[in-house]
Amino acid sequence: MSEECSHNCESCGKDCGERTKESLLEKLHDGSHVKKVVGVVSGKGGVGKSLVTSLLAVMTQREGYQAAILDADITGPSIPQAFGLHTRAEGTESGLYPVDSETGIRVMSLNLLMEHETDPVVWRGPIIAGAVKQFWADVIWGDVDYMFIDMPPGTGDVPMTVFQSIPVDGLVIVASPQELVGMIVEKAVNMAGMMKIPVLALVENMSYVFCPDCGREIRVFGESRINDIAQKHSIQTTACLPIDPKLAAACDAGIIEHFNGNWLDSLLDIILKQ
Ligand code: ADP
């Protein structure tokens, strides 16, 4: 048993002699040491989960920490595109190596392993979950301060399996303004509660449009409900991201590392306190 043993095998990735049998956690590769794991979740695809994951990794790396992204959104992997990564990940008998971004963020994604990036992934849930587990167990991540996981969208079977397999320290929930009106955020909060993972922050993406002429923030979808929802679920940290064509263009051009903006600064503070 290690000296820092928390006696909670559910939240620890170490495979020591004291490990309880019921734990479903995958063992991290021997060549990896990951200090903190932050999962980024959303109720459905297309709400900006990958964008938020990318921005958080860029901001953390800029602070001088070693950041990594495990792209667990197997059927819609968009992380390599945002970072302009088109080389294939290499491997040896001992494991796979992540691909480094321009600023040194370590990335692993199914798109870095596919022969053709545009091939669709038509796998069933257990196979998808198996691939994510392999990204944790078979990738030689090296020393990582903060690993961000771009989770599979939704609150179903695949994200649940991922949570059971990887010791996630905290979650960031990303939602569109419409989702904050419905029950999707509540489902994500309840899933976190079931897995006993703290929700670190709630992000409303596409919250408003900034008018370049008058300087006003135009709430296209009406007044934001983020504060009410955060309060209801005791989520201390919130952030709102505008619809900004420059963000979409940066993702398309593979230069998300060049972004400027302080929208997520409050999240960075809470993540670095982890
Ligand atoms: P998800 O990971 O939830 O499926 P993405 O992060 O891939 O969603 O975002 C979907 C698309 O919308 C991408 O093309 C992305 O660049 C764009 N997008 C997301 N958020 C914004 C935003 N705030 N402003 C402009 N474009 C955005």
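Taking the helices alone, the chain has a mean residue ellipticity at 222 nm of -8000 deg cm²/dmol, built from -39,500 (n - 2.57) per DSSP H run of at least 4 residues and averaged over all its residues.
A dipole drawn for the chain from +1 and -1 charges on Cβ atoms has a positive end, and of MET151, MET194, LEU51 the residue lying farthest that way is MET194.
Relative to the Cα centre, what is the charge dipole magnitude of the range 69-209, using +1 at the beta carbon of each Lys and Arg, -1 at the beta carbon of each Asp and Glu, and rounding to the nearest 20 debye?
Numbers: 6 positive and 18 negative charges, 89 e Å.
Dipole magnitude for the range 69-209 comes out near 420 debye.
Taken along its three principal axes, the alpha carbon spread of the range 47-183 comes to 46, 37, 29 Å, from the longest extent down to the shortest.
What's the local net charge at ALA72, with K and R +1, D and E -1, over the other residues with C-beta under 12 Å away? Its environment carries a net charge of -1.
The label-point distance for ASN190 and LEU272, in a model that sets each label 7 Å from Cα toward Cβ, rounds to 3.7 nm. Size descriptors for the range 36-272: radius of gyration and Dmax over Cα atoms are 17.1, 59 Å.
Show me the ranking of peptides 136-144, 170-178 by mean Cβ neighbours inside 10 Å, starting with the highest.
Highest to lowest by the protection proxy: 170-178, 136-144.
Taking every C-alpha pair closer than 8 Å and separated by at least 6 residues, the mean separation divided by the residue count of the range 36-272 gives a relative contact order of 26 percent.
Nearest 0.05, what FRET efficiency do GLU115 and ARG219 give at R0 = 45 Å with Cβ-Cβ as r? The partial results should precede the final answer.
On the way: r = 44 Å, r/R0 = 0.99.
Step by step, r from the Cβ atoms, then E = 0.50.
For the pair ILE243 and ASP228, label points projected 7 Å from Cα toward Cβ lie 2.2 nm apart. Taking the charge dipole of the range 126-274 about its Cα centre, with +1 at Lys and Arg Cβ atoms and -1 at Asp and Glu Cβ atoms, the residue from ASN260, ALA137, GLN164 reaching farthest to the positive side is GLN164. Looking at the range 125-274 alone, DSSP beta bridges between its own residues are antiparallel in about 20 percent of cases. Spin-label model, TYR65 to ASP100: label points 7 Å out along the Cα-to-beta-carbon direction sit 2.0 nm apart.
Only beta bridges with both residues in the chain are counted; by DSSP, about 15 percent of them are antiparallel. Backbone N atoms of the range 47-87 closer than 15 Å to the 7 Å Cα→Cβ label point of GLN178 belong to residues 47-48. For the range 203-255, the relative contact order works out to 45 percent when only alpha carbon pairs closer than 8 Å and six or more residues apart are counted.
Here, each number is a calculation from the coordinates, and none is a lab measurement. Just so it is clear, the model here is predicted, and its values are computed rather than measured. Reconstructed Cβ throughout: ideal geometry from the backbone, glycine too, with neighbour counts over all protein chains shown.
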